[in-house]
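The values are calculated or read from the model by the stated rules, or taken from the named source; none is laboratory data. Computed from a prediction, not measured in an experiment: that's the story for all the values here. We place every Cβ from the backbone using ideal geometry, glycine too, and count neighbours over all the protein chains shown.
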């Protein structure tokens, strides 16, 4: 029982430390309660771009997931469905190669050719976590997400479609957006 109490206190201290780091960088922070996580922070204010990120410490894991899940709106999916399959394939192959440069994991759901949901994430291990390492990994996720939004918007002109800003999943869905 003592080990459990120590783990809870450590998790709370870790969460508080991360919240301080984020507040110092002017991010808005909210919390979500989930049975599968020790803590789940949702941050916004990626400089007014309408994107969000999740910071999640799963139970019984020694790492923290930093992720961004973007939901493409129906208007965009309609536009995308009119593009030839080989053009979509070439485009998303290029995007995937470019995302590797950000050193983040990424997924397109349900598939690469018609991605209704796009996830970008990285992990940082909680043992010896530093502010510099944490913020660097968060920046990778942030810029990879912005790259996705810009690339898709530039290629497929979703800026001209009404309500085309991708929506963050954690505000619309009870399922965690990190996979």
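Some observations on this one:
- When the range 145-156 is filtered for residues that are within 14 Å of residue 76 (Cβ to Cβ), surrounded by 17 or more Cβ atoms within 10 Å (Cβ to Cβ) and either touching a helix residue (DSSP H, G or I) at 6+ places or on another chain (Cβ under 7 Å) or modelled with pLDDT of 90 or more (or both), the ones remaining, listed by number, are 148, 152, 153, 156.
Here's the yes/no breakdown for (1) modelled with pLDDT of 90 or more; (2) closer than 30 Å to residue 17 by Cα; (3) in contact with a strand residue (DSSP E or B) (Cβ under 9 Å, 6 or more places away or on another chain):
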residue: 110; (1), (2), (3): yes, no, yes
residue: 114; (1), (2), (3): yes, no, yes
residue: 131; (1), (2), (3): yes, yes, no
residue: 139; (1), (2), (3): yes, yes, no
residue: 143; (1), (2), (3): yes, yes, no
residue: 158; (1), (2), (3): no, no, no
residue: 165; (1), (2), (3): no, no, no
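- Condition check for residue 127 on (1) modelled with pLDDT under 95; (2) within 24 Å of residue 73 (Cα to Cα): one failure, at (2).
- Picking from residues in the range 85-131 that are touching a residue at least 60 places away in the same chain (Cβ under 8 Å) and assigned to a helix (DSSP H, G or I), the one that is nearest to the chain's Cα centre (by Cα) is 131.
- For the range 64-83, a residue qualifies if it is at pLDDT below 95 and outside any helix (DSSP H, G or I), and the qualifying residues are 68, 69, 70, 71, 72, 73, 82, 83.
- Residue 62, sole failed condition from (1) over 18 Å from residue 121 (Cβ atoms); (2) surrounded by fewer than 12 Cβ atoms within 10 Å (Cβ to Cβ): (1)
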